[in-house]
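Colleague: This structure is in structure tokens; I'll ask about it shortly.
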Amino acid sequence: MSKRKIIKIDATKCDGCRACIPNCPEGAIQVIAGKARLVSDLCCDGLGACLGHCPRGAITIEERGAEPYDERKVMENIMAQGEEVIKAHLLHLKDHGQAGYLKQAAEFLKEHKRDVPDEIFRQKHTVVAAAGCPGARVESRLRQWPIQIMLVPAHAPFLEHADVLVAADCVGFSYANFHEDLLKGKVLLVGCPKFDDIEAYRQKFAQMLKTHDIKSITYAHMEVPCCFGLVEVLNQAIQDSGKQVGFNEAVISIRGERLR
């Protein structure tokens, strides 16, 4: 049984308020004997939509041995709950960049002669630049969610055959051409090599590389010394994976200029 991210409920903190239930359209949580319970590993996608809705802080995410998430099994449960629940689930997948699962869900609906909501697959609008010039448009190149390194599941399908951009937190704020020059066509992972747990990062990247065939990794960081810590971590993770993965660096100055 492989390891993956999955929710964990602390029964000593849970008061059975049911706030988590509407935010788990997958049907992985039920309230039993006054406590929220994870009733199906197969139905928990590990993305944590329920976390922010628990007033007691009883729900966390852990990594443990669990049966692989099964989108078709989830859709069997969801389809009987009506159109609004179906839409909520599909939007959940879309907002978290789960393109593979979203495709499976759409195929399942079509097989069962059910409509797929058009707005789920509608492209996002471009954002017009503040200057107001019709020719000056800023388009987000973000392709998935979540983006924080420790929140992205190692098994996330959007990592398969991806060109990955690992960006230090400050880069996106410092480099004006971040989306077009660095992010376009890539999956984004964001973190801070100074304040975050570097060892946890090393383990996470090793899991990602072991699980997926990642085409390349670009590490974008500031010119300051504390940002260089991830260079060795990423190179070591690639070496440990035994795979041929291209590695590139992009260095941004504190004045917001790309140095290389």
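Colleague: Quick one: in the stretch 153-164, which of the residues that are touching a strand residue (DSSP E or B) at 6+ places or on another chain (Cβ under 6 Å) and more than 18 Å from Glu71 (Cα to Cα) is most open to solvent (accessible area, probe 1.4 Å)?
Modeller: Looking at the filtered set, the residue picked out is Asp163.
Colleague: Still on this model: Just for the stretch 17-33: of the residues that are open to solvent by less than 50 Å² (accessible area, probe 1.4 Å) and part of a loop (DSSP other than H, G, I, E, B), which one is nearest to Ala105 (Cα to Cα)?
Modeller: Narrowing the stretch 17-33 to residues open to solvent by less than 50 Å² (accessible area, probe 1.4 Å): 19-21, 23-29, 31.
This time we only want the ones that are part of a loop (DSSP other than H, G, I, E, B), so: 19-20, 24-28.
Working: Ala19: 25, Cys20: 22, Cys24: 16, Pro25: 13, Glu26: 12, Gly27: 15, Ala28: 16 Å.
Step by step, filter the stretch 17-33, then rank; the result is Glu26.
Colleague: Filtering the stretch 49-100 down to residues that are small (Gly, Ala, Ser) and not in a loop (DSSP other than H, G, I, E, B), which residue is nearest to Arg143 (Cα to Cα)? Before the answer, list the steps.
Modeller: Going through the stretch 49-100, the residues small (Gly, Ala, Ser) turn out to be 49, 52, 57-58, 65-66, 80, 82, 88, 97, 99-100.
Going one step further and asking which of them are not in a loop (DSSP other than H, G, I, E, B), we end up with 52, 65, 88, 99-100.
On the way: Gly52: 23, Gly65: 28, Ala88: 19, Ala99: 10, Gly100: 13 Å.
The qualifying residue nearest to Arg143 (Cα to Cα) is Ala99.
Colleague: Which residues, counting only those in the stretch 233-250, are acidic (Asp, Glu) and modelled with pLDDT of 90 or more?
Modeller: If the condition is that a residue be acidic (Asp, Glu) and modelled with pLDDT of 90 or more, then Glu249 is the only one that fits.
Colleague: Restricting attention to the stretch 188-207, and to residues there that are open to solvent by less than 20 Å² (accessible area, probe 1.4 Å) and modelled with pLDDT under 95, which single residue is nearest to Cys226 (Cα to Cα)?
Modeller: Let us first name the residues in the stretch 188-207 that are open to solvent by less than 20 Å² (accessible area, probe 1.4 Å), namely 188-189, 191, 193, 201, 204-205.
Next, from what is left, pick out any that are modelled with pLDDT under 95: 191, 193, 201, 204-205.
Numbers: Gly191: 12, Pro193: 7, Tyr201: 15, Lys204: 20, Phe205: 19 Å.
For the stretch 188-207, the residue satisfying everything is Pro193.
Colleague: So, in the stretch 141-152, exactly how many residues are surrounded by fewer than 20 Cβ atoms within 10 Å (Cβ to Cβ) and either assigned to a strand (DSSP E or B) or touching a Pro at 6+ places or on another chain (Cβ under 8 Å) (or both)?
Modeller: Number of matching residues: 1.
Colleague: Only residues that are surrounded by fewer than 18 Cβ atoms within 10 Å (Cβ to Cβ), touching a residue at least 12 places away in the same chain (Cβ under 8 Å), of a type outside the set (Gly, Ala, Ser) and outside any loop (DSSP other than H, G, I, E, B): list them for the stretch 208-255, please.
Modeller: Residues satisfying the conditions are Lys210, Cys226, Phe228, Val231, Asn235, Gln236, Asp240, Phe247, Asn248, Glu249, Val251.
Colleague: Out of all the residues in the stretch 34-47, is one or more part of a loop (DSSP other than H, G, I, E, B), within 30 Å of Asp10 (Cα to Cα) and β-branched (Val, Ile, Thr)? If you could, list the steps in order and put the result at the bottom.
Modeller: Narrowing the stretch 34-47 to residues part of a loop (DSSP other than H, G, I, E, B): 34, 39-40, 44-47.
Narrowing the set further to residues that are within 30 Å of Asp10 (Cα to Cα) leaves 34, 39-40, 44-47.
Within this subset, residues satisfying the condition of being β-branched (Val, Ile, Thr) are 39.
Within the stretch 34-47, one or more residues are part of a loop (DSSP other than H, G, I, E, B), within 30 Å of Asp10 (Cα to Cα) and β-branched (Val, Ile, Thr).
The values are calculated or read from the model by the stated rules, or taken from the named source; none is laboratory data. Bear in mind that the values here come from a model prediction, so they are computed numbers and not experimental data. Here the Cβ is made from the backbone with ideal geometry for all residues, glycine too, and neighbour counts use every protein chain on show. Each accessible area value is taken on the protein alone, full model and side chains, heavy atoms only, with ligands, DNA and RNA left out. Shrake-Rupley method; radii C 1.70, N 1.55, O 1.52, S 1.80 Å.
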